[in-house]
Amino acid sequence: MAKKTKKQSQRAEQDDGRIFMQRLQKNLEFFQKRRPGLYKLLANMELQSVELVVTPGKNDVDMVANGVSCYRGLAREYSVDEATRVLSENPESKRILTYAPPWERSYSRENFADHILRNIVKASPVTPATFKGYIRGNVFPSMVFLGCGLGYHIDELTKKVPIINGIIIEREPEKFAVSLYTVDWEEICSRFSRKGFSLTFAIGKASHPEEIRRLVRQYMTRDVPFYPFFSTYYNHLADVDLAKAVLENANDLAVITTNWSHYDNELMRLSNAVHNIRRGGRYLPRLDGLKQDKPLVIVGSGPSLDARVKSLIKVRDKVVVVSCGTSLKPLLAHGVRPDVHVELDPSYRLHELHQDIGEDKLRDLPLLAVSEVNPFVTTLFRKVFYYFKFDNAQCSLVGLKGKAFANCNPTVTNAALSIGYGLGFRKIFLFGTDYGFESVEKDHSAKSIYGSDSDSGLSREYQERATRENKQRKIFQCHRLKAARY
């Protein structure tokens, strides 16, 4: 084989350089169009501690970071071999052992989604005794790339196996910038363009442990539940500090999942809000700076209401009374008509509960309902006002973020308290807002829908349902604390 002349070698070197520069330009154009946040980070970056090393006559390259070679001149070869090894260590038959699926008892609610899921679980051959983890199959549910390097390993792995949720973490942005010369990021991203697939870039300068954890939290919490519950970790170039921060953050993410809502519940809320907004109506805004002189009484349907209602009757004309949720029925039964009734629940059962009270008793009572209340509920009241929750996206969608009320969850008494405080009440008294009960036999007011003095057909149905659900819950005992004398 004839040797290349000097001119041929120079021409080949120029061609190689042109290819790298063309790839850089193509990647920048792609990020500018599709990932503008990344483009802003990369466009004007000056490489100071990382450089791409291209040796004339060799078909492989190297990356030097802080004066140290990362690949010993074999970046592509090293990365391809590494990706192949990761695949061999994670065969399709490998099980991902994480949280077990919820079993039949987890779906105890009387709604459409729980009913369907109960039937699915019953029909499934998988049981608590047989569950040994999730088989990976021919995809990776979540692949976390710890370190980008020159990107060859990411390109290789995403070519060979579908990855539903990919996350690329690079705490040295200059390394990611150098990868713009070596791999086609548009091509890599195109492999995640299918519905349900995603690729997240967590790129940022992070040197100290807390900075690394902050970088991870900032980006990766968006990918729950794939991350961390179904994640496989690919530690490129053995970044120990990065791996430690990611695993610590994954442990913390278990807390996030406890706050998830039921998806059917979220859809129901959105649908209700759309109906209510289309129908029109008045809303109650938060008005800062107000001052109310009268005391405010917020009433729940806890068991203590029966013992304290007489004291409320004595001061009825001197206070503003707000009934909350299922407290309306016992209040009316005791002869106390509230000044306003507040609702937070979006479900249809609210309509059933109010019908059980009687439309004639509700017609002239002002209703203050959350924007996502069931539309049938509002047909029972002549005076209806809506309020918006601050932590709900709906108030932003309609441009009322500054007029919404904060901390309305988790119960309707919380909503009433937040609204009352937001409207300027400072003397606030709580009746029947128990978050516990002294007797298992009496966990609500006796005259509420769940109480022993309520004997309508609907009441019996709700009591039976509550009994079934309570049997599935753990009840713990609290002992009375005696006041110490000094």
Need pairs with beta-carbon distance below 8 Å; first residue closer than 21 Å to R23 by Cα and within the range 180-197, second acidic (D, E) and outside any loop (DSSP other than H, G, I, E, B); sequence gap 6+ or separate chains. V183/D155; D184/D155; E187/D155; I188/D155
Going through the range 119-171 in order, the residues found to be within 22 Å of R194 (Cβ to Cβ) and of a type in the set (F, W, Y) are Y134, F140, F145
Keeping to the range 221-247, report how many residues are in a helix (DSSP H, G or I), among the aliphatic types (A, V, I, L, M) and touching a residue at least 60 places away in the same chain (Cβ under 8 Å). 3
Please give the number of the condition V144 fails out of (1) outside the structural domain of F230 (by TED's automatic domain parsing); (2) closer than 23 Å to M63 by Cα; (3) of a type in the set (V, I, T). (1)
Considering only the range 58-68, I want to know if a residue exists there that is in the same structural domain as Y152 (by TED's automatic domain parsing), touching a strand residue (DSSP E or B) at 6+ places or on another chain (Cβ under 6 Å) and surrounded by fewer than 19 Cβ atoms within 10 Å (Cβ to Cβ). yes
Being among the charged types (D, E, K, R), modelled with pLDDT of 90 or more, loosely packed, with under 13 Cβ neighbours inside 10 Å and part of a helix (DSSP H, G or I) is true for just one of K40, K7. Which residue is that? K40
Of all residues making up the range 118-135, the number that are assigned to a helix (DSSP H, G or I) and without any contact (Cβ under 8 Å) to a residue 12 or more places away in the chain: 3
Does at least one position in the range 169-189 carry a residue that is modelled with pLDDT of 90 or more, farther than 24 Å from Y71 by Cα and part of a strand (DSSP E or B)? no
Which one of these is modelled with pLDDT of 90 or more, in contact with a strand residue (DSSP E or B) (Cβ under 9 Å, 6 or more places away or on another chain) and charged (D, E, K, R): K318, K314, K294, K310? K294
Within the range 203-234, take every residue that is in contact with a strand residue (DSSP E or B) (Cβ under 6 Å, 6 or more places away or on another chain) and over 19 Å from K175 (Cβ atoms) and give me the one that is surrounded by the most Cβ atoms within 10 Å (Cβ to Cβ). Y227
When you look at D356, is it out of contact with any Ser or Thr (no Cβ under 6 Å at 6 or more places or on another chain), under 29 Å from Y107 (Cβ atoms), touching a residue at least 12 places away in the same chain (Cβ under 8 Å) and not in a strand (DSSP E or B), yes or no? no
In the range 335-352, residues that are surrounded by 18 or more Cβ atoms within 10 Å (Cβ to Cβ) and either under 31 Å from the mean Cα position of the chain (by Cα) or of a type in the set (K, R) (or both) total 8
Does the range 173-181 contain at least one residue that is crowded, with 17+ Cβ neighbours inside 10 Å and within 23 Å of the chain's Cα centre (by Cα)? no
Tell me which of these P330 doesn't satisfy, since it passes every other one: (1) surrounded by fewer than 19 Cβ atoms within 10 Å (Cβ to Cβ); (2) part of a helix (DSSP H, G or I). (1)
Here the residues within the range 43-92 that are acidic (D, E), in a loop (DSSP other than H, G, I, E, B) and more than 28 Å from V139 (Cα to Cα) are E46, D60
From the set of residues in the range 269-318 that are among the β-branched types (V, I, T) and within 30 Å of P375 (Cα to Cα), which is surrounded by the fewest Cβ atoms within 10 Å (Cβ to Cβ)? V274
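The values are calculated or read from the model by the stated rules, or taken from the named source; none is laboratory data. No experiment lies behind these values; they were computed from the predicted model shown. Neighbour counts are summed over all protein chains in view; Cβ atoms, including those assigned to glycine, are modelled from backbone coordinates with ideal geometry.
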